[in-house]
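Asker: After the structure tokens below, expect a handful of questions from me.
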Amino acid sequence: MRKILTISLLVSILILSGLSLIGCDGDETGQVSYATDIDQKIFRSARYNCIGCHTSALSPHLDLTTYDGLMAGSDNGPVVEPGNADNSFMYEKISQETPSRGIRMPQGGPYLNSVEIKMIEDWINQGAKDN
Ligand code: HEC
């Protein structure tokens, strides 16, 4: 009887730990991914379509179709300062109602929600990596 209890206890522990592994989405560190969280879910999303207006061909020549383009910035200079969202024009443009230059992005809205704004803030503060 004791043996059966011990075995069933072990089995439940195994099942529970398996479940908790399935429940985690592999992002326990809160690390934001440029490729999936920024590029796919924001810049290329049907809702915001930043890349509809931001290619190397269109003024102010901020190419959001590639990581290198984003980091190269626009005619006005860099828009991302790795490690410093507060000093990054990209962050200002998507989070402020009246940015210091031009209008809030995306032009005409809808604007990013607080989770998405935080994604961009965190990604920049985590070093703006090509991850
Ligand atoms: C309908 C077209 C359009 C869409 C969509 C759009 N933008 Fe823009 N964006 C512009 C124009 C035009 C400017 C230049 C005028 C200004 O700064 O207000 C600009 C400027 C910017 C700038 C500042 C560039 C600089 O250095 O002066 C950033 C950063 C930016 N956009 C980011 C974004 C992001 C991120 C998105 C998507 C969430 C987005 N934009 C969507 C048209 C657009």
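Every read-out reported here was derived from the displayed coordinates using simple, explicitly stated rules and does not represent laboratory data. No experiment lies behind these values; they were computed from the predicted model shown. Cβ: placed from backbone, ideal geometry, glycine included. Neighbour counts: every protein chain shown.
Asker: State whether one or more residues within the range 53-60 are among the aliphatic types (A, V, I, L, M), within 13 Å of the ligand (Cβ to nearest atom) and under 19 Å from Glu121 (Cα atoms).
Answerer: No.
Asker: Collect the residues in the range 40-74 that are of a type in the set (Asp, Glu) and either in contact with a Ser or Thr (Cβ under 7 Å, 6 or more places away or on another chain) or within 19 Å of Met119 (Cβ to Cβ) (or both), keeping them in residue-number order.
Answerer: Within the range 40-74, Asp63 is the sole residue that qualifies.
Residues checked against (1) acidic (Asp, Glu); (2) surrounded by fewer than 16 Cβ atoms within 10 Å (Cβ to Cβ); (3) more than 16 Å from the chain's Cα centre (by Cα); (4) in a loop (DSSP other than H, G, I, E, B):
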| position | (1), (2), (3), (4) |
| --- | --- |
| Ala57 | no, yes, yes, yes |
| His61 | no, yes, yes, yes |
| Lys93 | no, no, no, no |
| Gly102 | no, yes, yes, yes |
| Gln107 | no, yes, yes, yes |
| Glu116 | yes, no, no, no |
| Met119 | no, no, no, no |
| Asp122 | yes, yes, no, no |
| Asp130 | yes, yes, no, yes |
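Asker: When you go through Tyr48, Tyr67 one by one, which is the residue that is within 6 Å of the ligand (Cβ to nearest atom), surrounded by 15 or more Cβ atoms within 10 Å (Cβ to Cβ) and touching a residue at least 24 places away in the same chain (Cβ under 8 Å)?
Answerer: Tyr48
Asker: Can you pull out every residue in the range 92-122 that is more than 8 Å from the ligand (Cβ to nearest atom) and polar (S, T, N, Q)?
Answerer: Ser95, Gln96, Thr98, Ser100, Asn113, Ser114
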